[in-house]
Number of protein chains: 4
Amino acid sequence: MAEKEKIVVQTSVKDESLIEIRRLQIVNGAVNLFKEKGFHRATTREIAKAAGFSIGTLYEYIRTKEDVLYLVSDHIYDKVKQQLAEINSDTGTVDELKEAIKQYFCLIDRMSDEFTIMYQETKSLSKEAMHYVFDKEFEMVRLFEGIIKNSLPSLRIELTEKEVFLTANHIVVQGQAWAFRKWAFKKRYTIEEYVEDQTKLILSGLLHFQDK
Amino acid sequence: MAEKEKIVVQTSVKDESLIEIRRLQIVNGAVNLFKEKGFHRATTREIAKAAGFSIGTLYEYIRTKEDVLYLVSDHIYDKVKQQLAEINSDTGTVDELKEAIKQYFCLIDRMSDEFTIMYQETKSLSKEAMHYVFDKEFEMVRLFEGIIKNSLPSLRIELTEKEVFLTANHIVVQGQAWAFRKWAFKKRYTIEEYVEDQTKLILSGLLHFQDK
Amino acid sequence: MAEKEKIVVQTSVKDESLIEIRRLQIVNGAVNLFKEKGFHRATTREIAKAAGFSIGTLYEYIRTKEDVLYLVSDHIYDKVKQQLAEINSDTGTVDELKEAIKQYFCLIDRMSDEFTIMYQETKSLSKEAMHYVFDKEFEMVRLFEGIIKNSLPSLRIELTEKEVFLTANHIVVQGQAWAFRKWAFKKRYTIEEYVEDQTKLILSGLLHFQDK
Amino acid sequence: MAEKEKIVVQTSVKDESLIEIRRLQIVNGAVNLFKEKGFHRATTREIAKAAGFSIGTLYEYIRTKEDVLYLVSDHIYDKVKQQLAEINSDTGTVDELKEAIKQYFCLIDRMSDEFTIMYQETKSLSKEAMHYVFDKEFEMVRLFEGIIKNSLPSLRIELTEKEVFLTANHIVVQGQAWAFRKWAFKKRYTIEEYVEDQTKLILSGLLHFQDK
DNA sequence: CATGAATGAGCCTTCATTCAT
DNA sequence: TATGAATGAAGGCTCATTCAT
C-alpha cells in the first residue's frame, strides 16, 4: 500500500508557509463555489474572490484552473484518510468493523458537499490527476478490505477475496450514494438509521454469503 | 406511479418522424463524445459533427446545448424501463427478482458509457431537467421495490418499507457502481460473476435482515 | 422632374399577376413586422410567416432580405405620391397650399408607422436603393416648392429660391417629426391642432420672410 | 426639470479615470464605424478595433453591444447640453435666442455624424435606454422653450404654451434635419446661410403667430 | 410553384491566462 | 508578492440563403 507520490502543483512563490496559507484559502473558497455551481461553471475570477484575493495572486499559487480542482480533491482525501486513520484500532473484532462503517458514513454525512464535488468533477481532471484521485478511492476500498478480513476470524466465517472486495466495495459505494442523494434519502432516513440498516445489511451479507 | 409529463425539447422542424431519426443521431453521437471529453468540454460543433450534420441542423432539433444532455438522459431511462418491462412476468417468485437484477446489471454493462455520462453530467442540467432525471432514477428504485415486495411471500419473509427500499436502492446503486468503475472491477470480475455475487449478497441480505 | 427608373427586384416566378399579389402580401406583413421590431431584428422566416407563406416561397419573390425593405419603401412612396397627386388642383391660391399641407400631415398621421420605418431603416439599404428612396424624398420637397411658388402671386410676395426651398423643407421635415414623435406630440396636440398651428407658422414665415 | 438618473453601464474595471478614457475611445471609434455601416452592421470586433483595443478589453467596459450605442447617445447629449449652457446669459433679449439657435445649429454641423447615428439607431436600444435618450431630446426642446419665453417680453409679444412648444420643436427638428440631410442641403446652403434663414423664419414665425 | 430541412458563415460574449506596475 | 487591466481563442447560437422534393 505504498503511498503514491503527490502530484506537485507548481508555484512562482517561494515562501512555503505562505503557499500553505494561500492554498487553504483557495480550497475553502473553491469548495463553497463548486458546491454551488460546479467546477466548470465557476470562473477563476470567482475562485480568486472566494479565496479572498485577486486573480493575479491566485495565479501565483496555481498554474491552471484545473490545479484548483486537484487541490480541492487532494484536500478532501487528506481529510478522509486522517479521519479514518483514527478508527483503526486493530482489535480485529466485529465491533471494529461496525465502528469503521459508522465513522465512514458519518464522515460522509458531514462532508457530503466535498464528496459530491469530488465524484462529480474528478472526470474533469487531467488523466494523471484523475488516476491519482481514483487511486485514493481504491485505497479506501482496500482499507475496508483490511478491516473486514481482520474481523472474519471472530465471526468464524471464511470468504473469498472477491467476496471481501464486494463487501468493502458495497460500503464505500453506499457511502457515496448517501453523499449524492442525501436530499432524497433524508425523506426516509436519518444518518443514524441509515448506518444502522446498512450495517445490518452488510453483516448479514457477510454471514450468509455462502448460503446460497 | 403516475408518469411525469416529458419535458419537451422544442424543435423548428415539423416532420415528427424526422425528429425521431435526427434525435437518435444526436444521442448516439453525443454519447460517444461525452464519453471521451465530458459534456462541458464537448462543443456544439463537435456534437453536430458526431451526429452527422451541421450545427445549423443540430439547432433545428434542439434549443440549447443542455437539451442534448437531457435528450441523452431521457433516452437511457427509456431503454432501462423498456428492458425491465420485458421481464416483469409477475410470477412473484425469487427467480423473477434474480432475473430482474441480471437484466438490469447486463443492461448497465452494455450501456455503461451512457450511464456514466448521465450520472456525471446530470448536475449540469437546469434545475427542472435535473429533477426530471432524478425522478426517473427514483422510479427505477420503486420498480425494484415492487419486484422485491412481490417476491417476499415466496421467500416467507417480512420486511419493513425501509428495508425494501434499502435493498432496491442497493441494487440500483451497485449497478451504477459497475458502470462508473467498470475499468477497475473488470480486473477482478466478469459481469456474470459480478451479477452472481451481487445476487447472493442481495438475497442473503434479504433473508437475514432481521437476524441481527 | 424626370421619373427615375424603378429598381427591379428580380424573381424566379414568371406569372406577373401572381408576383403582384405575393409582393403585396410581403409588404403588408413586413410593415407590421418592421413596425414592431425594425428591419434588422425581423428574420426572413418571420417575414415569410407574416406574409402568409413559407421561406421557400418568400425567396421565389425576392433575392435578398434587403429587397423586402426596398419593396416596403417603394410601396410607401407610391402611396404618398398617389395621395398628394390628388390635391394638386392647380388653382394657385393659398388655399391650395393650405390644403396640401393638411393632406400631407394627415397622410403622415395615417401612415406614421410606414414613415417611421422608412426613415429609420432606409440607411440599411444598398447605396443604390438608398439614393432611390432619398430622391423620392426630394421629389416631395420639390412638389411643395411647386405649390408654394404657385401661391406666391396671390399672396403678393416674392421669395428667393432658397426661401421657397426652406419653407418646403420645413413642411416635409415637420411632417416627418409628427410621424417619429407622434407618441410625444399627442400629449399636447391633436393632428388637427398641429396642422392648424403649423399652417399658421408656415404662412407667417412666408409672409414676413423679408421683414427682418 | 429634475435630472434623470443616468443609466449606468456596468464595468468590471475599477479605475474610474481609466473608464473615462476607454469609453471616450469607444465612443469615438464607434461613431466613425456606425456612420459608415450603422449599428447593426458593425460587429463588436470592429468596434473594439476602432476603439484601439481587443474585444476582451471592450467587454471590460461594456456589458452588451447595445451599451455602446447608449454610450454614444449619452455622449452627444452631454456635449449639446454643455454647449448650450455656455450661452445661457440670461439677458432675456432676442439676441440670446439668436445666439442659442446659432450655437445649436453649429454644434449639429460639427457633430452631424453623431446626431445622425443617434436618431437613426436610437430605436435599437432597449426600451429603458430608448426612453432615456428620448427624454434628453425633450430636455433640449424644453431648453429652447425657456429661452424663447425669456425673449418674449423684449419682443412685446405673447404666445400660448403650444406656440412656444411648436417653435422650440421647430428649432430642434430643423437642426436634426441639417444633420440628416447635410449632404443634400450643402448643395444650396452653407451652415451660416442656413442659420441665417432659419433664424429669420423662426423669428417671423414668432412675431406673427397671431396674425392669421 | 410551394415547401421546409439543411447549411455554415459569422455574430456576440465569456473567461483562462499573462504581464506591467 | 500582489494587483487588475489587457488579451484573444473559442464557444454557443442565429439566420439568410439554397435546393431537393
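The values are calculated or read from the model by the stated rules, or taken from the named source; none is laboratory data. Everything numeric here is computed off the predicted structure, so don't read it as measured data. Note: ideal-geometry Cβ built from the backbone for every residue, glycine included; neighbour counts use all protein chains shown. Only protein heavy atoms, including side chains, enter the accessible area calculation; ligands, DNA and RNA are left aside. Shrake-Rupley method; radii C 1.70, N 1.55, O 1.52, S 1.80 Å.
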Next item on the list: Could you tell me whether C:ILE19 is more than 16 Å from DNA strand F (Cβ to nearest atom), of a type in the set (A, V, I, L, M, F, W, C), touching a helix residue (DSSP H, G or I) at 6+ places or on another chain (Cβ under 8 Å) and more than 25 Å from D:GLU121 (Cα to Cα)?
Entry: yes
Notebook entry, point to check: Could you list, in sequence order, the residues of region A:13-44 that are in contact with a Lys or Arg (Cβ under 9 Å, 6 or more places away or on another chain) and not in a helix (DSSP H, G or I)?
Noted result: A:VAL13, A:ALA42, A:THR43
Check: Given (1) under 19 Å from the mean Cα position of the chain (by Cα); (2) modelled with pLDDT under 95; (3) within 14 Å of DNA strand E (Cβ to nearest atom), where does C:ASN32 come up short, assuming only one miss?
Finding: (3)
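Give the residue that is surrounded by the fewest Cβ atoms within 10 Å (Cβ to Cβ), with candidates limited to residues of region D:32-45 that are away from DNA strand F (no atom under 13 Å from the Cβ) and within 21 Å of C:GLY38 (Cα to Cα).
So, considering only residues that are away from DNA strand F (no atom under 13 Å from the Cβ) and within 21 Å of C:GLY38 (Cα to Cα), the one surrounded by the fewest Cβ atoms within 10 Å (Cβ to Cβ) is D:GLU36.
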Note to self: With within 12 Å of chain B (Cβ to nearest Cβ), open to solvent by 40 Å² or more (accessible area, probe 1.4 Å) and within 25 Å of A:MET118 (Cβ to Cβ) as the only criterion, which of A:TRP183, A:TRP178 stands out?
What the structure shows: A:TRP183
Next item on the list: Report, by residue number, each residue of region C:159-174 that is over 23 Å from the mean Cα position of the chain (by Cα) and touching a residue at least 12 places away in the same chain (Cβ under 8 Å).
Entry: C:LEU159
Note to self: Going through A:GLN25, A:GLN10, A:GLN103 one at a time, which residue ends up being within 12 Å of DNA strand E (Cβ to nearest atom) and not charged (D, E, K, R)?
What the structure shows: A:GLN10
Next item on the list: Go through region B:46-67 and give me each residue that's away from chain A (no Cβ under 14 Å), assigned to a helix (DSSP H, G or I) and near DNA strand F (Cβ under 6 Å from one of its atoms).
Entry: B:ILE55, B:GLY56, B:TYR59
Check: Taking into account only those residues within region B:68-99 that are acidic (Asp, Glu) and part of a helix (DSSP H, G or I), which is nearest to DNA strand F (Cβ to nearest atom)?
Finding: B:ASP74
Notebook entry, point to check: Restricting to region C:49-83, what's the tally of residues that are surrounded by 18 or more Cβ atoms within 10 Å (Cβ to Cβ) and over 27 Å from C:ILE108 (Cα atoms)?
Noted result: 3
Notebook entry, point to check: Which residues, counting only those in region A:84-108, are away from chain B (no Cβ under 14 Å) and open to solvent by 30 Å² or more (accessible area, probe 1.4 Å)?
Noted result: A:ALA85, A:GLU86, A:ASN88, A:SER89, A:ASP90, A:THR91, A:THR93, A:GLU99, A:LYS102, A:GLN103, A:CYS106
Notebook entry, point to check: Considering region D:115-152 alone, what residues qualify as being over 14 Å from the mean Cα position of the chain (by Cα), in a helix (DSSP H, G or I) and either in contact (Cβ under 8 Å) with a residue 40 or more places away in the chain or under 23 Å from D:THR91 (Cα atoms) (or both)?
Noted result: D:SER124, D:GLU128, D:ALA129, D:GLU145, D:GLY146, D:ILE147, D:ILE148, D:LYS149, D:ASN150, D:SER151, D:LEU152
Note to self: Residue pairs, Cβ under 7 Å, 6 or more apart or interchain, first in region C:20-45 and hydroxyl-bearing (Ser, Thr, Tyr), second in a helix (DSSP H, G or I) and within 13 Å of DNA strand F (Cβ to nearest atom). List them.
What the structure shows: C:THR44/C:ILE55; C:THR44/C:LEU58; C:THR44/C:LYS65
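So, in region A:186-197, of the ones that are buried (at least 19 other Cβ atoms within 10 Å of the Cβ) and touching a Phe, Trp or Tyr at 6+ places or on another chain (Cβ under 7 Å), which residue ends up farthest from the other protein chains (Cβ to nearest Cβ)?
A:VAL195
Checking the conditions here, which among D:LEU125, D:LEU203, D:LEU143, D:LEU152 is within 12 Å of chain C (Cβ to nearest Cβ), over 19 Å from C:HIS170 (Cα atoms) and among the aliphatic types (A, V, I, L, M)?
Among D:LEU125, D:LEU203, D:LEU143, D:LEU152, only D:LEU125 is within 12 Å of chain C (Cβ to nearest Cβ), over 19 Å from C:HIS170 (Cα atoms) and among the aliphatic types (A, V, I, L, M).
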Next item on the list: Being surrounded by fewer than 20 Cβ atoms within 10 Å (Cβ to Cβ), at the interface with chain C (Cβ under 9 Å from one of its Cβ atoms) and acidic (Asp, Glu) narrows it down to one of D:GLU163, D:GLU158, so name that one.
Entry: D:GLU163
Check: If D:PHE209 passes every condition in (1) more than 8 Å from chain C (Cβ to nearest Cβ); (2) open to solvent by less than 10 Å² (accessible area, probe 1.4 Å); (3) among the aromatic types (Phe, Trp, Tyr) but one, which one does it miss?
Finding: (1)
